[in-house]
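Visitor: My structure is below; once you've seen it, I'll send some questions.
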Amino acid sequence: MKGWLPVFKKELLRFFKDKRMIIGTLILPGLLIYLVYSFMGDGMQGLIGGEERAPTAYVQDMPDAVAPLFDGVVETESVAAEDAEAAKAAVKNGEKDLFIVFPENFSNEKPAESLPAPNVEIYYNATESNSSSAYTLVSSLLSEYEFIGENKYDINSPLSGVEYNLATERDMTSMIFSMLMPMLMMVFIFSGAMSVAPESIAGEKERGTFATLLVTPVSRAGVAVGKIFALSIIAVLSGLSSFIGIILSLPKMMGGADVSAGIYSAGDYFALLGVVVSTVLLTVALISVVSAFAKSVKEATAYVTPLMIVNVLLSVTCMFGDGAPASVWLYLIPLYNSVQSINAVFSFSAVALNLAVAMIANFVYTGLLVWLLTRMFKSEKIMFRR
Amino acid sequence: MQEVLNVQGLKKTFTLSAKQRKIERTDSRVKVALDDLSFKAYAGEVYGLLGPNGAGKTTCLRILSTLIRPDEGDAFVGGASVVKEPDKVRREIGFLTSELKLEEFFTPNYMFDYFSELHGIEESVRDARKKDLFAKFGIDRFAEVKIADLSTGMKQKVSIVIAIVHDPAVIIFDEPTNGLDVITAKTVTDFLLEQKSLGKCVIVSTHIFSLVEKICDRVGVIIDGKLYADGALDEVRGAMSMEDRFFEMYSESRRAKGETA
């Protein structure tokens, strides 16, 4: 390992003295994610909430029994049968949201077998979002009215005033976090590592600066360790930038729902840190080995892409299935173990043994990859391939 | 004279890809780059490896600098084997070739410190050596300029200085004056002669005859990976100029190849 420190310092200096690298790797990812997600959040809320105004409708022959249903929900205005065409035109050009025509003798009593059910006609304009949401609202109101007529049973009747959803804020947060965070964190760690490792290893090979390093007495293991440590720090910072972007835009994404990271204890965060550190080291070591094999940065990026897809596929496993698996053996599978460990921490179902196995496994794999990288640095076929 | 470098029967072959076989117009899957190459070099002399492009000069120097390993044979630098003790060899040699580049993002000053640290040189020694070498090559004015912004000649000077941060006993320069203007080239040759006078063993590879005649004490002529001649400059060239003698040897080698083919 002799000589790892100068290599480590040089790698960090190479990064932190380069304004373009700092902007491109540390500032832009977080900023872009924040802006894009906030914009998406605002857009979604605009789509769902829109302007806060009650839908407006022309109604024809509305029975008195139905009127209370619409009170305070839909602003109604009666029209006579002869003005029907004018009312339809008003819906068409967006002046009113709906035009509702009730049949004669409308009631929610079951009609005699031989007669067809009375038909309520609701004219709407599907290209107007206010009109189509008003259509959905009125249809559900009338369906409800239809059922009240039969009234076999109600489910969670809003009239009861009882909160039936027993999930607490803690449960809601942990559900959202344990689904989102493993994937986001794994993807950010990977993209952070990918933004620096190929450049530092395949790039140096390509530019001929690696050979200069190899004629000095610094040990190959020292070069491998120095680079992996430095690149891991940069990858963590880059991942952190994206992560902060996500966390800051989360309130807007969730549309003001109460989601707070404060429900997790220091112990949870500590466990998370351990998992993240071991994952970053493993990811950087993996990309470094691939980069050392490649002849150029371009080639390295091409080789790393399939790995990135595998990483994403493993990351989404936490969105399916029933929480983190209990079997300790599964925590020996690299990357998958990280996904499930992060999932377990965020869903309050972490088992200390499983997390420890995942972390130790990652450290062991990293050690093996460092050994492999050292062997590769010694191989003239790999380092001086043309 | 103290023997510093002992090259014993170096052999190196490279496998050729289908494309390379087409370019070289051969059916052979291997190219013999070095074929039983042996020579010695001593402290306080400049030894020149002379040969046409593709003769094996650079391959030989890359083996001596431990970047690649020979298939057979060995070479000893100050008694250390390039095959078995590459770490020891790296401490003893300063290697310069156009293939080795410096990270252009950094300044000569930082690069000097970085490579000194890699060689484990104490700060006080490093600073004194830096001051001396930077002044000698006129780098001092550009010490804080990014290498990317330096001229070709200045870059080459910085490369030379970085190659010898550790004051090595053996200096191996591959085509040291290639691409340099006459003034910079002279700085380099003067420096090599000065190193020789300080008792260093200097190995240069080149195809520039005037350079050989100017600075080399002894020469080895490599053609097709074989050493055709090895000895003191005057012994090798006889009464001819080195250039004429070289062409004579080259024609001989072609005839020999024609007969055996």
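Let's see how each residue does on (1) buried (at least 23 other Cβ atoms within 10 Å of the Cβ); (2) of a type outside the set (A, V, I, L, M, F, W, C); (3) within 13 Å of another protein chain (Cβ to nearest Cβ):
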| position | (1), (2), (3) |
| --- | --- |
| B:20 | no, yes, yes |
| B:72 | no, yes, no |
| B:76 | no, no, no |
| B:80 | no, no, yes |
| B:99 | no, yes, yes |
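Visitor: Mind checking whether some residue in segment A:193-205 is modelled with pLDDT of 90 or more and more than 33 Å from the chain's Cα centre (by Cα)?
Guide: yes
Visitor: When you go through (1) crowded, with 21+ Cβ neighbours inside 10 Å; (2) over 21 Å from residue B:105 (Cα atoms); (3) away from every other protein chain (no Cβ under 14 Å) one by one for residue A:198, which number turns out not to apply?
Guide: In the conditions (1) crowded, with 21+ Cβ neighbours inside 10 Å; (2) over 21 Å from residue B:105 (Cα atoms); (3) away from every other protein chain (no Cβ under 14 Å), residue A:198 misses (2) alone.
Visitor: For segment A:55-66, give me each residue that is part of a loop (DSSP other than H, G, I, E, B) and either modelled with pLDDT of 80 or more or not assigned by TED's automatic domain parsing to the domain that holds residue A:106 (or both).
Guide: A:55, A:61, A:62, A:63, A:64
Visitor: Oh, and also: Among the residues of segment B:151-163, write down those that are under 14 Å from the mean Cα position of the chain (by Cα) and within 12 Å of another protein chain (Cβ to nearest Cβ).
Guide: Answer for segment B:151-163, where residues must be under 14 Å from the mean Cα position of the chain (by Cα) and within 12 Å of another protein chain (Cβ to nearest Cβ): B:159, B:163.
Visitor: Looking only at segment B:109-144, filter to residues that are within 14 Å of chain A (Cβ to nearest Cβ) and closer than 20 Å to residue B:188 by Cβ; which one of those is surrounded by the fewest Cβ atoms within 10 Å (Cβ to Cβ)?
Guide: Applying the filter and picking the extreme gives B:111.
Visitor: Tell me whether segment A:281-302 contains one or more residues that are modelled with pLDDT under 90, in the same structural domain as residue A:218 (by TED's automatic domain parsing), aliphatic (A, V, I, L, M) and outside any helix (DSSP H, G or I).
Guide: Looking for residues that are modelled with pLDDT under 90, in the same structural domain as residue A:218 (by TED's automatic domain parsing), aliphatic (A, V, I, L, M) and outside any helix (DSSP H, G or I), one finds none in segment A:281-302, hence no.
Visitor: Could you identify the single residue in A:349, A:249, A:338 that is within 24 Å of the chain's Cα centre (by Cα), assigned by TED's automatic domain parsing to the domain that holds residue A:175 and closer than 14 Å to residue A:193 by Cβ?
Guide: Exactly one residue qualifies, and that residue is A:338.
Visitor: Six or more apart or on different chains, Cβ under 9 Å: which pairs go from a residue in segment B:98-111 that's within 9 Å of residue A:10 (Cβ to Cβ) to one that's of a type in the set (D, E, K, R) and part of a helix (DSSP H, G or I)? Could you list them?
Guide: Within 9 Å, the pairs are B:103/A:10; B:103/A:14; B:103/A:204; B:103/A:207; B:106/A:10; B:106/A:14; B:110/A:10.
Visitor: Restricted to segment A:9-22, and to residues that are within 11 Å of chain B (Cβ to nearest Cβ) and of a type outside the set (D, E, K, R), which residue is farthest from residue A:230 (Cα to Cα)?
Guide: My answer is A:21.
Visitor: Continuing with this model, one more query. Across segment B:60-70, what is the number of residues that are closer than 14 Å to residue B:171 by Cα and facing another protein chain (nearest Cβ under 9 Å)?
Guide: Of the residues in that region, 3 qualify.
Visitor: Filter segment A:132-157 for residues that are more than 36 Å from the chain's Cα centre (by Cα) and of a type in the set (Phe, Trp, Tyr); which is modelled with the highest pLDDT?
Guide: The residue in question is A:145.
Visitor: For residue A:219, are the conditions met, namely being hydroxyl-bearing (Ser, Thr, Tyr) and more than 14 Å from chain B (Cβ to nearest Cβ)?
Guide: It is false that residue A:219 is hydroxyl-bearing (Ser, Thr, Tyr) and more than 14 Å from chain B (Cβ to nearest Cβ).
Visitor: Can you confirm whether segment B:90-97 contains a residue that is more than 30 Å from residue B:13 (Cα to Cα) and either within 12 Å of chain A (Cβ to nearest Cβ) or buried (at least 22 other Cβ atoms within 10 Å of the Cβ) (or both)?
Guide: No - not one qualifying residue is present in segment B:90-97.
Visitor: Would you confirm whether any residue within segment B:158-165 is over 22 Å from residue A:14 (Cα atoms), β-branched (Val, Ile, Thr), out of contact with any Leu (no Cβ under 6 Å at 6 or more places or on another chain) and exposed (fewer than 14 other Cβ atoms within 10 Å of the Cβ)?
Guide: Taking every residue of segment B:158-165 in turn, none turns out to be over 22 Å from residue A:14 (Cα atoms), β-branched (Val, Ile, Thr), out of contact with any Leu (no Cβ under 6 Å at 6 or more places or on another chain) and exposed (fewer than 14 other Cβ atoms within 10 Å of the Cβ).
Visitor: It is to be established whether one or more residues within segment A:248-262 are over 30 Å from residue B:88 (Cα atoms), at pLDDT 90 or above and away from chain B (no Cβ under 14 Å). Give the derivation first.
Guide: Within segment A:248-262, the first condition is being over 30 Å from residue B:88 (Cα atoms), and the residues that meet it are A:248-262.
In the following step, the residues that additionally are at pLDDT 90 or above were identified as none.
Looking through segment A:248-262, none of the residues is over 30 Å from residue B:88 (Cα atoms), at pLDDT 90 or above and away from chain B (no Cβ under 14 Å).
Visitor: Kindly check whether there is at least one residue in segment A:120-131 that is acidic (Asp, Glu) and either modelled with pLDDT of 85 or more or part of a helix (DSSP H, G or I) (or both).
Guide: To start, the set of residues in segment A:120-131 that are acidic (Asp, Glu) comprises A:121, A:128.
From what is left, the residues that are either modelled with pLDDT of 85 or more or part of a helix (DSSP H, G or I) (or both) are A:121.
There is at least one residue in segment A:120-131 that is acidic (Asp, Glu) and either modelled with pLDDT of 85 or more or part of a helix (DSSP H, G or I) (or both).
Visitor: Counting only residues that are crowded, with 18+ Cβ neighbours inside 10 Å and of a type in the set (D, E, K, R), which one in segment B:166-196 is farthest from the chain's Cα centre (by Cα)?
Guide: The qualifying residue farthest from the chain's Cα centre (by Cα) is B:196.
Visitor: Before we move on, is residue A:25 modelled with pLDDT of 85 or more, over 25 Å from residue A:145 (Cα atoms), more than 14 Å from chain B (Cβ to nearest Cβ) and not in a loop (DSSP other than H, G, I, E, B)?
Guide: When the stated conditions are applied, residue A:25 passes them.
The values are calculated or read from the model by the stated rules, or taken from the named source; none is laboratory data. Since the structure is predicted, the reported quantities are computational estimates derived from the model, not experimental observations. For neighbour counting, all protein chains shown are included, and Cβ atoms are generated from backbone atoms with ideal geometry for every residue, glycine included.
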